[in-house]
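Heads up, the thing below is written out as structure tokens.
The values are calculated or read from the model by the stated rules, or taken from the named source; none is laboratory data. In this text the structure is predicted, and so the values were computed from the model without any measurement. Because the Cβ atoms are built from the backbone with ideal geometry, glycine has one as well, and the counts that use them run over all protein chains shown.
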Amino acid sequence: MSTTHCPYCALQCAMHLEPGPDGNLRARPAPFPTNRGGLCRKGWTAPDLLTHPDRLTTPLIRHNGHLEPATWEQALDTAAHHLDHLRRTHGPDANAVYGSGSLTNEKAYLLGKFARLALGTSQIDYNGRFCMSSAAAATNHAFGLDRGLPFPLTDIATAQVVLLAGANPAETMPPMMGHLAAPTLIVIDPRRTPTAQQALDHGGLHLAPRPGTDLPLALGLLHAARTAGHLDHTYIEQRTTGFRTTWAQAAAHWPERTEEITGVPAHHIRAAADLLGHAARNRSAYILTGRGSEQHATGTATAGAWIDLALALGLPGRTGSGYGCITGQGNGQGGREHGQKADQLPGYRHITDPDARTHIAHLWNTTPHDLPGPGRSATELLAALGTPHGPRSLFVMGSNPAVSAPDTTLIKKRLAALDHLIVCDFVLSETAQQAHVVLPTAQWAEEEGTMTNLEGRLLRRTRAQNPPPGVRTDLQVLSDLAPRLGADPHHFPHDADTVLAELARASAGGRADYSGIDPHHLTAGHPQYWPAPRPTTTEPDPDRVPSTPRMFLDTFAHPDGRARFSTPTHHGPAETTDTHYPLWATTGRLLGHYQSGAQTRRIRELATTDPEATVQIHPDTAAHHGLTHGARAHLTSRRGTMTARVHTTPTARHDTVFVPFHYAHDQAANTLTQHALDPTSRMPEFKVSAVRITPAPDP
Ligand code: SF4
């Protein structure tokens, strides 16, 4: 039996893997603080993909328009030939790299190094740009450092009140609800999600703002909290700066005006402010945000407004209270720390920082001058592919942008315009279907590595079985490919512990310091939360494991030690409804599926429960548009059309429909979504699109 962690979300539930009667691995929950012995149905069924008939076990090369089996030598040589040719002909930025928040820390680090050292390109970014980059930007501004939850998840279980803004853990990470059983919940969500229903069932509140109005709602709550005398003025004075600037915005958002903007009744705003404020006085309240508040063209400002509310109530940096962001992807936290972001070097350092460039260049045996500078963010990178000034090849690892990126009709055209598309994956995802070379890679139970969960806690992923014949690990692929591009093979090891040791050195002294992370500590079960700087004494105490479970207790990470309020200004969604597109569409996840669905749509039990895209809509709205429960409908935005099965629900807002984003082709929700980007985080506005809905014929 082997013990590891789930391949999917950032809760990173622990699981035992052992062979079942048929010899195939079976999962069962293992004790661990985040999942407390629970797994959701995605975790229980995760091993089914290891032996799935769709599993790729042979490299593929496109010939005459068709993907055909090839040897590894042929596939790697073909990929390297095209990458090298494009680099020589058009310069290093002709090649681009696209990573993932699902990659282990070691893969994220080596992928960034592969892009910048082996290819010499600045054009690298990853799908985490779509995940929580707005909250990361807001947190960096507020606290000087971004760790999703700067406290152990178990801390929230004893809180009196938890406010969840744009998060639905009852479906996205169900075992987390065990930590939310005792606190009274205030849920901010346009939908009556299962999480919102739990809040109402247990004496809490559900505030359902119009899509795109979370920011004014946060300001309205701040206004109501101040009017009711809940603000912690001593904390504001001693531990923060900038409150007056924030208040200049919030002063205009008294509850009745906030009701006009958001649609949330003023008495609900006052009730929520009182509930939260009383718990804050007892230092027993948390504010947690998720994608619902972040995936907006104003996502950074919106996350900032929630942090401002937390600061005004005196929550962050104290035991028993705080602000945190619930990371989505399995390694959403570690994925953004080790250098696969367009603007970052390992250690969560900015790529333009001269000291960071010198440090990394020295480690990589190159010069700061030869290290590329910042590249395009994910959406901008994908939109530039195959254009006259954009990259002409793309190397994809662990991601499926043909389904997960905004405006997928355009993205698929851009992928098709590439001279060369190389995809590393274990199934033929929608992106891999467009590739010129497909490299079959190992799955989570077949490799070693580390993940950093939503608490900033390092976890060890252990191999339960070897990959099937014909399959290589992602690290092996990078190790095989880099020397073919002229890189020193010693710089591209494929042993995970060797890569982790180098990553730790690269991060030393950085914002996310992993230099004291030791795989043996992780194996022995010692918790290690970053920052985990290596002890400076020459004879470190073997019993003292570097780890920081709770951050900011004495000081925030800005030079003056104070947290910073923001200047949250409401601009509203990037597009508006009109007579042609009269409804708001918002997107999100279902209990049974994960991200683009490339994995979970293939698992029979999950596909049976949620076999097709549905559109949740109020029955009155459905009737107004000639639709009934169970009918098929077309949804059309200014970018494209998708098809979904109508699911009427009387708790839906009359002006808003919800579609899950796990489906492909004519059921792809991102056919509707748009390119409008947050100016700071470059996160797209997935959560608000203007649409119309019309009846569709049954096929
Ligand atoms: Fe746990 Fe998330 Fe995996 Fe479900 S998908 S078992 S909540 S880690």
Would you confirm whether or not the range 330-346 contains a residue that is more than 13 Å from Thr452 (Cα to Cα) and outside any loop (DSSP other than H, G, I, E, B)?
yes
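Determine whether the range 243-251 contains at least one residue that is surrounded by fewer than 24 Cβ atoms within 10 Å (Cβ to Cβ) and closer than 27 Å to Leu454 by Cα.
Of the residues in the range 243-251, the ones surrounded by fewer than 24 Cβ atoms within 10 Å (Cβ to Cβ) are 243-245, 247-249, 251.
Still in the list and also closer than 27 Å to Leu454 by Cα: none.
So far as the range 243-251 goes, no, none of its residues is surrounded by fewer than 24 Cβ atoms within 10 Å (Cβ to Cβ) and closer than 27 Å to Leu454 by Cα.
Considering each residue of the range 192-213, count those that are of a type in the set (Ser, Thr, Tyr) and assigned to a helix (DSSP H, G or I), and give that number.
To start, the set of residues in the range 192-213 that are of a type in the set (Ser, Thr, Tyr) comprises 193, 195, 213.
From the residues that got through so far, the ones that are assigned to a helix (DSSP H, G or I) too are 195.
Matching residues across the range 192-213 total 1.
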Filtering the range 575-613 for residues that are among the polar types (S, T, N, Q) and closer than 20 Å to Leu428 by Cβ leaves a count of 4
Show the residue pairs meeting these rules: Cβ distance below 8 Å; 6+ apart or different chains; first residue within the range 487-505 and free of Cβ contacts under 8 Å to residues at least 60 places away in the same chain; second residue of a type in the set (Phe, Trp, Tyr).
Ala504/Tyr514
Any pair with Cβ under 7 angstrom, 6 or more apart, that starts in the range 31-44 at a residue that is of a type in the set (A, V, I, L, M, F, W, C) and ends at one that is outside any loop (DSSP other than H, G, I, E, B) and more than 7 Å from the ligand (Cβ to nearest atom)
Phe32/Ala14; Leu39/Met15; Leu39/Ala27; Leu39/Pro29; Trp44/Ala27
Specify which of the listed residues (Ala297, Ala303) is out of contact with any helix residue (DSSP H, G or I) (no Cβ under 8 Å at 6 or more places or on another chain), of a type outside the set (S, T, N, Q), under 24 Å from Arg589 (Cα atoms) and touching a residue at least 24 places away in the same chain (Cβ under 8 Å).
Ala297
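List the strands (runs of 3 or more DSSP E) inside the range 367-471, counting only whole elements, that have at least 1 residues being in contact (Cβ under 8 Å) with a residue 60 or more places away in the chain, at positive phi and touching a strand residue (DSSP E or B) at 6+ places or on another chain (Cβ under 6 Å). So that I can check it myself, show each step before the final result.
Working: elements: 393-397, 420-425, 437-440, 449-452, 458-461.
By residue number, 449-452.
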Under 9 Å between Cβ atoms, at least 6 apart or on separate chains: pull out the pairs that start in the range 598-624 with a residue that is more than 22 Å from Leu635 (Cα to Cα) and end on any residue that is at pLDDT below 95 and among the aromatic types (Phe, Trp, Tyr).
Thr600/Tyr594; Leu606/Tyr594
